[in-house]
Amino acid sequence: MTVRLEASEASPGRDLPQVLRHLAVAGGRLVPAPRRGEIIAERVEEWLRELWSEVTADVLPGGGPGVALTAVGGLARRDAGPASDLDLVLLHDGRVLDEERLATFAERLWYPVWDAGLALDHAVRTPAQCREVVETDVAATVGLLDLRLLAGDEQLVAATRDRLLSRWRFGVRHWLQQLEADLQERERRSGDAAHLLEPDLKESRGGLRDALVLKALTATWLADRPHAPVDEAYDRLVDVRDALQLVTGRRGARLTQGDQHAVGALLGLGNADETLRAVSDASRRITHALDATLRRARQAVTPPQRRSPRGPKVRLLGYGVAEHAGEVVLGRGVRPETDPVLPLRVAAAAARRGLRPAEATLTTLAERCPPMPAPWPTAAREALLDLLATGPALISVWEALDQAGFPARWLPEWTAVRCRPQRNPVHRHTVDRHLIETAVYARSHLRDVERPDLLLLAAWLHDIGKLPRSADHSIAGAPIAATICHRIGLPARDVAVVAMLVREHLTLAELATRRDANDPRTLDALLAAVDRRPDVLDLLRALTEADACAAGSLAWTSWRSRLIDELTRLARTSLADDRTPPPEPDPPAAPLASAVPGPRVHVETDEPVHAVTVVAADRPGLFADVAGLLAAHGLTVLAARVTTRDGVAADTWRTESNDGRPPDATLLAEELRRLAAGDRSPLRRLRRRDSTRHPTAGPPARVFLVPGASDTATVLEVRASDRPALLHDLGAALHALDVRVRSAHVETHAGQAVDTVYVTDETDRPLHPAKAAATIAALLEACA
């Protein structure tokens, strides 16, 4: 793009708009910010000072103190574009000029600006009137804080600016809440620039106005902000805004689809998608920085009586992870340079409690943690699944990880979909954000499927194939998802399921809405897509709804839901969906077989996982006591195999400890003996630990009978959110009803307990139907 210069240097005012456009472009490309803003500001200020000299020579011979021409907004910040408004304030002390001469003076300044064809936002104020703005209008104050002298009384401007800043800082508790309310209202009106197909570069969330709010926040001295990343993001948005105004010849800031290609060409970007990606990346940086700075500002104005006199407490959340001052930080003695899993553990701990990882913590982890090995350690995969299962809190934590660069370090494939726009009116987010949103919506279905971990992974990866020149993103995404799942250490049989779900994630919706459900070929196509597996059908049904809900309200309607449910029902009927629970586990080949009565405890450690094997004479309540004792010692049960044969219980519990240290086998055995003797004191710590858990809303627990699963026991399946005392409470509920646990298959997938228990009555027979119903009710109550 070339702009011809036809302006006459003899008439700089009249031709100034054309001169500014010429100065903004060099060699067919936009001169990058901040240099462009400085060039434009120098030319505009030079002209305004000449104008000031002419006016003051007529109205105020000799200039005189007590009056000054000042700039606010873009001109004051020296980032105004060639078509930006000039925001000017005629500042006076109220004594030098009477009302009539003041009006004449102002008109002599403003009319030449209008005559030059420049947009002007003007005001005439005293310092006292400027302070009134701070008291009454938060949005206007954000711009007024940039007040800068152009010509006139320097001392008047300096004193006014100092008083404005002082008043701004003094009234911070008064206006901080209003500032946040204004931000929320503006987001409601203008949306989120990072995910809109036609963002408003100024008003949308993460836009230029948010960057100015961030600057105003730092002026309070309550909190600092990231400087280089935010400054770069701000300059990028200013570049896009100015390119847009040069392309369209208008002063608006909405980047419409029709203008995106031309704007990208002027900026040297490849195409319209690259233009939107640049806007998305910049606005996400600004949003992330603003949220973090607001959070620190809120903490700084917390009334002193709410603070501990000893300062914020440090609370251990897990192995190497702690909470301090409302943020998640590293625990004492942690060595990030030896632990590639630590960033995921920090992120999962933060999301579980609705907190954010501290910026300094993420910076330290990014600088010092080693690359994740391939395949990932089991602990890394479990921490990832734990994070993906946290629901809405996942969004802000993932954004923090994204700004620190972790997703691209873990998954090179993520870079291709990061900030990638979706030119589809149904979708409301970029591809990467849509994947995270789908994982959030999948959380409500975790108890509807046998493998919640596979549902979360499929939700997280289902659109990973949305790449340039990809004809069918489902087909393209399946091998990419398989590669990622292999890298994170998923077993091959599970990789195949995730790849299948990614490849077929649109199949159920397309068949249900575009084909006749009563046609046998429609049903055959669906059954082939899920490999005739009832468990995969349930996963596909859950993924279909989560994907649609994450896309937006247009993608999931009651009509669409009814069609999908009907086709799913027909498929389940065809498959005769009979649940087959896991087989009763064989007793572990423990190194304790020598002597029962016991109890005997053996611990094997493969950091950070500890396998605790317990062999003891069976007794009522033993399952509850072992589970409760492990939790009381700060151990999280990841999986367990519990069996009772010939009066001997042999249990293996796969656990993880908060501090990484293995449990003391001798102490566990001693405390089990005390519990058997009636001393319940070893379990006191259990209640204290369970009471400190952070409650998270989620789907209700489910307990159901698995009919026909065993001829000699009643088989019950429990699905609930995991917590420290859950297994103990389930065991205690069974013990209270005199129900015996013959064996148990305990698994925790993505923070969800999926437990199958074989139970009998006191005569070692299956439960009577009435007692089975009472047992289910008791287990549901224990899950609450």
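General observations
- Matching entry among P724, P699, P695, P707 (being buried (at least 18 other Cβ atoms within 10 Å of the Cβ), modelled with pLDDT under 90 and either in a loop (DSSP other than H, G, I, E, B) or out of contact with any Asp or Glu (no Cβ under 8 Å at 6 or more places or on another chain) (or both)): P724
- Here V601 meets each of (1) modelled with pLDDT of 85 or more; (2) of a type in the set (A, V, I, L, M); (3) assigned to a strand (DSSP E or B); (4) open to solvent by less than 20 Å² (accessible area, probe 1.4 Å) with one exception, condition (4).
- Any pair with Cβ under 7 angstrom, 6 or more apart, that starts in region 115-132 at a residue that is touching a residue at least 40 places away in the same chain (Cβ under 8 Å) and ends at one that is surrounded by fewer than 17 Cβ atoms within 10 Å (Cβ to Cβ) and among the acidic types (D, E): A119/D85; D121/D85
- Checked against (1) aliphatic (A, V, I, L, M); (2) at pLDDT below 90; (3) out of contact with any Phe, Trp or Tyr (no Cβ under 7 Å at 6 or more places or on another chain), L88 meets all criteria but (2).
- Across region 340-358, the qualifying residues are those that are open to solvent by 20 Å² or more (accessible area, probe 1.4 Å) and more than 14 Å from the chain's Cα centre (by Cα), and the one among them that is nearest to H288 (Cα to Cα) is R345.
- Restricting attention to region 517-557, the residues that are among the basic types (K, R) and closer than 23 Å to H427 by Cβ add up to 1.
- The set of residues in region 266-282 being part of a helix (DSSP H, G or I) and out of contact with any helix residue (DSSP H, G or I) (no Cβ under 7 Å at 6 or more places or on another chain) consists of D273, R277, S280, D281.
- Among the residues of region 551-569, those that are of a type outside the set (F, W, Y), assigned to a helix (DSSP H, G or I) and either open to solvent by 50 Å² or more (accessible area, probe 1.4 Å) or under 15 Å from L539 (Cα atoms) (or both) comprise S558, R560, R562, L563, I564, D565, E566, L567, T568, R569.
- If only residues of region 133-144 that are touching a residue at least 60 places away in the same chain (Cβ under 8 Å) and hydrophobic (A, V, I, L, M, F, W, C) are counted, the one that is surrounded by the most Cβ atoms within 10 Å (Cβ to Cβ) is L144.
- The set of residues in region 406-425 that are open to solvent by 50 Å² or more (accessible area, probe 1.4 Å) and of a type in the set (V, I, T) contains only T415.
- Only listed residue being farther than 17 Å from L411 by Cβ and open to solvent by 10 Å² or more (accessible area, probe 1.4 Å), chosen from L537, L523: L523
- On inspection, V67 does not qualify as over 20 Å from H122 (Cα atoms) and surrounded by 18 or more Cβ atoms within 10 Å (Cβ to Cβ).
- Test: residue in region 221-233 that is part of a loop (DSSP other than H, G, I, E, B), within 29 Å of A265 (Cα to Cα), modelled with pLDDT under 90 and open to solvent by 30 Å² or more (accessible area, probe 1.4 Å): yes
- For region 234-274, filtering for residues that are open to solvent by 10 Å² or more (accessible area, probe 1.4 Å), within 15 Å of A83 (Cα to Cα), of a type in the set (A, V, I, L, M, F, W, C) and over 28 Å from the mean Cα position of the chain (by Cα) leaves 2.
- The residue of region 458-483 that is surrounded by the most Cβ atoms within 10 Å (Cβ to Cβ), among those that are free of Cβ contacts under 8 Å to residues at least 40 places away in the same chain and part of a loop (DSSP other than H, G, I, E, B), is G465.
- Considering region 145-160, the residues that are assigned to a strand (DSSP E or B) and among the small types (G, A, S) include one that is least open to solvent (accessible area, probe 1.4 Å), namely A151.
- Test: residue in region 78-85 that is open to solvent by 50 Å² or more (accessible area, probe 1.4 Å), closer than 22 Å to E232 by Cβ, in contact (Cβ under 8 Å) with a residue 60 or more places away in the chain and in a loop (DSSP other than H, G, I, E, B): no
- Count of region 727-760 residues, restricted to those that are open to solvent by less than 30 Å² (accessible area, probe 1.4 Å) and in a strand (DSSP E or B), is 13.
- Pairs where the first residue, in region 187-200, is polar (S, T, N, Q) and the second is surrounded by fewer than 20 Cβ atoms within 10 Å (Cβ to Cβ), C-beta under 8 Å, 6+ apart: S190/E203
- Checking the stated criteria, L454 turns out not to satisfy the condition of being buried (at least 18 other Cβ atoms within 10 Å of the Cβ), farther than 19 Å from A383 by Cα and at pLDDT 95 or above.
- Among the residues listed as G252, G258, the single one being free of Cβ contacts under 8 Å to residues at least 24 places away in the same chain and in a loop (DSSP other than H, G, I, E, B): G252
- Of the residues screened, P421 is not one that is in a loop (DSSP other than H, G, I, E, B) and either under 11 Å from the mean Cα position of the chain (by Cα) or more than 30 Å from T293 (Cβ to Cβ) (or both).
- T636 open to solvent by 20 Å² or more (accessible area, probe 1.4 Å), within 19 Å of A753 (Cα to Cα) and either assigned to a strand (DSSP E or B) or modelled with pLDDT of 80 or more (or both): yes
The values are calculated or read from the model by the stated rules, or taken from the named source; none is laboratory data. What you see is a predicted model, and the numbers here were worked out from it, not measured in a lab. Positions of Cβ are generated from backbone atoms using ideal geometry, with glycine treated the same way; all protein chains shown enter the neighbour counts. All accessible areas refer to the heavy atoms of the entire protein, side chains included, with ligands and DNA or RNA removed. Shrake-Rupley method; radii C 1.70, N 1.55, O 1.52, S 1.80 Å.
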